[in-house]
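A.B. asks: Got a structure for you, written out below as structure tokens; questions coming shortly.
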Amino acid sequence: QVQLVESGGGLVQPGGSLRLPCAASGSIFSINAMGWYRQAPGKQRELVAGITSGGSTNYADSVKGRFTISRDNAKNTVYLQMNSLKPEDTAVYYCYVDLFVDRGNYRANEDYWGQGTQVTVSS
């Protein structure tokens, strides 16, 4: 009933930039937290950045000062602006949304994940 669609991944040279949008659609009543995770080959999935419904943000130490998370509540979309990319940023990036789904006569708190988008930083 809820779909997350990510885009914006690709191949970029070290020092380059990418912007990842993730749009949520479906029977959404309200959205709480939104975030981005990543998983590199052979490693566990890790939190990259998160943003609350009030706009508070948090970042992994490895991306502070380089990445910026933002959201457009009117579009149910979360963005990850990635600057000064490094080879170690190479991973599949997943968006995450914590929301209330409109089930008709009640609202259910549910979590959803995007399908993942590959980001490769290489010269």
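A.B. asks: Right, L11: among the hydrophobic types (A, V, I, L, M, F, W, C), within 16 Å of the chain's Cα centre (by Cα) and closer than 21 Å to T120 by Cα or not? Full working, then the answer.
C.D. replies: Numbers: among the hydrophobic types (A, V, I, L, M, F, W, C): yes; within 16 Å of the chain's Cα centre (by Cα): no; closer than 21 Å to T120 by Cα: yes.
The answer is no for L11.
The rows are residues; the columns are (1) surrounded by fewer than 19 Cβ atoms within 10 Å (Cβ to Cβ); (2) within 12 Å of the chain's Cα centre (by Cα); (3) more than 22 Å from G9 (Cα to Cα); (4) of a type in the set (K, R).
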| position | (1), (2), (3), (4) |
| --- | --- |
| V48 | no, yes, no, no |
| T68 | yes, yes, no, no |
| D72 | yes, no, no, no |
| A91 | no, no, no, no |
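A.B. asks: Then there is this: Being assigned to a loop (DSSP other than H, G, I, E, B) and more than 18 Å from the chain's Cα centre (by Cα) is the filter here, so list the residues in region 108-123 that pass it. Even if it seems obvious, please write down each step before you answer.
C.D. replies: Start the filter on region 108-123 by keeping residues that are assigned to a loop (DSSP other than H, G, I, E, B), which leaves 114-116, 122-123.
If the condition is that a residue be assigned to a loop (DSSP other than H, G, I, E, B) and more than 18 Å from the chain's Cα centre (by Cα), then S122, S123 are the ones that fit.
A.B. asks: Continuing with the same structure: Answer with yes or no whether D98 is at pLDDT 95 or above and under 16 Å from L18 (Cα atoms). Let's see the steps before the verdict.
C.D. replies: Values: at pLDDT 95 or above: yes; under 16 Å from L18 (Cα atoms): no.
When the stated conditions are applied, D98 does not pass them.
A.B. asks: Which of (1) surrounded by 13 or more Cβ atoms within 10 Å (Cβ to Cβ); (2) over 14 Å from the mean Cα position of the chain (by Cα); (3) under 17 Å from Q39 (Cα atoms) is the odd one out, the single condition L80 does not satisfy?
C.D. replies: So the condition that L80 fails would be (2).
A.B. asks: So, one more: So which residues in region 96-123 are of a type outside the set (F, W, Y) and in contact with a Phe, Trp or Tyr (Cβ under 6 Å, 6 or more places away or on another chain), if there are any at all?
C.D. replies: Residues satisfying the conditions are V97, D102, R107, N109, G114, G116, T117, V119.
A.B. asks: From (1) in contact with a helix residue (DSSP H, G or I) (Cβ under 8 Å, 6 or more places away or on another chain); (2) farther than 30 Å from G26 by Cα, pick out the condition that doesn't hold for E88.
C.D. replies: (1)
A.B. asks: Quick one: which of D89, D98 is under 28 Å from Q1 (Cβ atoms) and either in contact (Cβ under 8 Å) with a residue 24 or more places away in the chain or touching an Asp or Glu at 6+ places or on another chain (Cβ under 7 Å) (or both)?
C.D. replies: D98
A.B. asks: When region 19-40 is examined, which residues are found to be open to solvent by less than 30 Å² (accessible area, probe 1.4 Å) and of a type in the set (A, V, I, L, M)?
C.D. replies: Step one: list which residues in region 19-40 are open to solvent by less than 30 Å² (accessible area, probe 1.4 Å), which gives 20, 22, 24, 31, 34-36, 38, 40.
The answer is L20, A24, I31, M34, A40.
A.B. asks: I'd like the full set of residues that are part of a strand (DSSP E or B) and either closer than 13 Å to T117 by Cα or among the charged types (D, E, K, R) (or both), limited to region 34-49.
C.D. replies: Once the filter is applied, which keeps residues that are part of a strand (DSSP E or B) and either closer than 13 Å to T117 by Cα or among the charged types (D, E, K, R) (or both), region 34-49 yields W36, Y37, R38, Q39, E46.
A.B. asks: Only one of V63, V2 is touching a helix residue (DSSP H, G or I) at 6+ places or on another chain (Cβ under 8 Å) and either under 19 Å from T117 (Cβ atoms) or open to solvent by 70 Å² or more (accessible area, probe 1.4 Å) (or both). Can you tell me which? Write out each step before concluding.
C.D. replies: Working: V2 fails: touching a helix residue (DSSP H, G or I) at 6+ places or on another chain (Cβ under 8 Å).
Answer to the selection: V63.
The values are calculated or read from the model by the stated rules, or taken from the named source; none is laboratory data. Values in this document were obtained by computation on a predicted structure and should not be read as measured data. Methodologically, a virtual Cβ is constructed for each residue, glycine included, from the backbone with ideal geometry; neighbour enumeration extends over all protein chains shown. Note: areas computed on protein heavy atoms with side chains; ligands, DNA, RNA excluded. Shrake-Rupley method; radii C 1.70, N 1.55, O 1.52, S 1.80 Å.
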